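Enquirer: For reference, the structure I am asking about is given below.
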Amino acid sequence: MSNNIATRRYAQALFDIGRGKGKADLSQIGRDLEVLKECLDISPELTNLFANPIFSIEEKGKVLDSLLKKNGISETAKNFCRLLLEKGRLPLLADIATAYHDMLDHMAGIVRSELITAVELTSERQAEIRSSLEAKSGKKLAMNFSVDPDIIGGLILKIDDRALDGSLRAQINILRENMKRGE
């Protein structure tokens, strides 16, 4: 079983438990996972420790318990982390947190998107674009705006797993390919 499948299954199981307990618990678990993910992102040594077979489950458990207590993690999330520890899946925690948040977004009707432009957009222009795209898609968008001067001009819009490349760089590349083929 690949890690991606395992990640989705663990995230789905935790999501189902949270949904059974109510919306407040569902959100709390999401916040707890985000806190733990940030801890792992900040400290790669911690991630390495949880993945290292040299350390026993008891040693890893002591570190995990300390981390959970220090960050005020809910009982449901604590039990879930202990299960991951017992099953040797604790290194998947950051990916599980991401999958869990994707499920929360899906339930709330929020779609993650990114808009890449060659120049910085004003906050007013970002708001205009966001509302226009939300009106066209009928969904609430959580947009990330970024700048990549290498695209020369235009924009690249990524929504979920789809991308619309309207950049000048892409158009130049298409022209170049057409010229190579003699079109």
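The values are calculated or read from the model by the stated rules, or taken from the named source; none is laboratory data. Here the structure is a predicted model, which is why all the values come from computation and not from measurement. Every residue, glycine among them, receives a Cβ derived from its backbone with ideal geometry; neighbour counts consider all protein chains shown.
Enquirer: So S113 clears everything in (1) assigned by TED's automatic domain parsing to the domain that holds P149; (2) surrounded by fewer than 16 Cβ atoms within 10 Å (Cβ to Cβ); (3) of a type outside the set (A, V, I, L, M, F, W, C) except one condition, right? Which one?
Expert: Condition (2) is where S113 drops out.
Matching residues to (1) in the same structural domain as V35 (by TED's automatic domain parsing); (2) more than 15 Å from L14 (Cα to Cα); (3) among the aromatic types (F, W, Y); (4) at pLDDT 90 or above:
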{"site": "I73", "(1), (2), (3), (4)": "yes, no, no, yes"}
{"site": "F80", "(1), (2), (3), (4)": "yes, no, yes, yes"}
{"site": "R89", "(1), (2), (3), (4)": "yes, no, no, yes"}
{"site": "L93", "(1), (2), (3), (4)": "yes, no, no, yes"}
{"site": "A99", "(1), (2), (3), (4)": "yes, no, no, yes"}
{"site": "T117", "(1), (2), (3), (4)": "no, yes, no, yes"}
{"site": "E120", "(1), (2), (3), (4)": "no, yes, no, yes"}
{"site": "S123", "(1), (2), (3), (4)": "no, yes, no, yes"}
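Enquirer: While we're on this one: D165 fails exactly one of the following numbered conditions: (1) of a type outside the set (A, V, I, L, M, F, W, C); (2) in contact (Cβ under 8 Å) with a residue 12 or more places away in the chain; (3) in a strand (DSSP E or B). What is the number of that condition?
Expert: Going through the list (1) of a type outside the set (A, V, I, L, M, F, W, C); (2) in contact (Cβ under 8 Å) with a residue 12 or more places away in the chain; (3) in a strand (DSSP E or B), D165 breaks only (2).
Enquirer: Test I96 against the stated conditions and say whether it is touching a residue at least 24 places away in the same chain (Cβ under 8 Å) and over 16 Å from the mean Cα position of the chain (by Cα).
Expert: Criteria not met by I96.
Enquirer: If D105 satisfies every condition in (1) without any contact (Cβ under 8 Å) to a residue 40 or more places away in the chain; (2) within 16 Å of the chain's Cα centre (by Cα); (3) surrounded by fewer than 14 Cβ atoms within 10 Å (Cβ to Cβ) but one, which is the exception?
Expert: Result: D105 fails condition (3) only.
Enquirer: Regarding L84, is this residue closer than 18 Å to A13 by Cα, within 21 Å of the chain's Cα centre (by Cα) and in contact (Cβ under 8 Å) with a residue 40 or more places away in the chain?
Expert: On the way: closer than 18 Å to A13 by Cα: yes; within 21 Å of the chain's Cα centre (by Cα): yes; in contact (Cβ under 8 Å) with a residue 40 or more places away in the chain: yes.
Criteria met by L84.
Enquirer: Residue pairs, Cβ under 6 Å, 6 or more apart or interchain, first in the stretch 14-36 and in the same structural domain as R82 (by TED's automatic domain parsing) and closer than 22 Å to L64 by Cα, second surrounded by fewer than 20 Cβ atoms within 10 Å (Cβ to Cβ) and β-branched (V, I, T). List them.
Expert: Pairs that qualify, where the first residue is in the same structural domain as R82 (by TED's automatic domain parsing) and closer than 22 Å to L64 by Cα and the partner is surrounded by fewer than 20 Cβ atoms within 10 Å (Cβ to Cβ) and β-branched (V, I, T), are I29/T76.
Enquirer: I've got another one for you. Exactly one of these conditions fails for A13: (1) touching an Asp or Glu at 6+ places or on another chain (Cβ under 9 Å); (2) within 10 Å of Y100 (Cα to Cα). Give me its number.
Expert: (1)
Enquirer: Is it the case, given these coordinates, that I159 is among the hydrophobic types (A, V, I, L, M, F, W, C) and modelled with pLDDT under 90?
Expert: On the way: among the hydrophobic types (A, V, I, L, M, F, W, C): yes; modelled with pLDDT under 90: yes.
Yes.
Enquirer: Do any helices (runs of 4 or more DSSP H) lying entirely in the stretch 72-154 carry at least 1 residues that are of a type outside the set (V, I, T) and touching a Ser or Thr at 6+ places or on another chain (Cβ under 9 Å), and which ones are they? Show your work before the answer.
Expert: Details: elements: 75-87, 93-108, 123-137.
Per the criteria, 93-108, 123-137.
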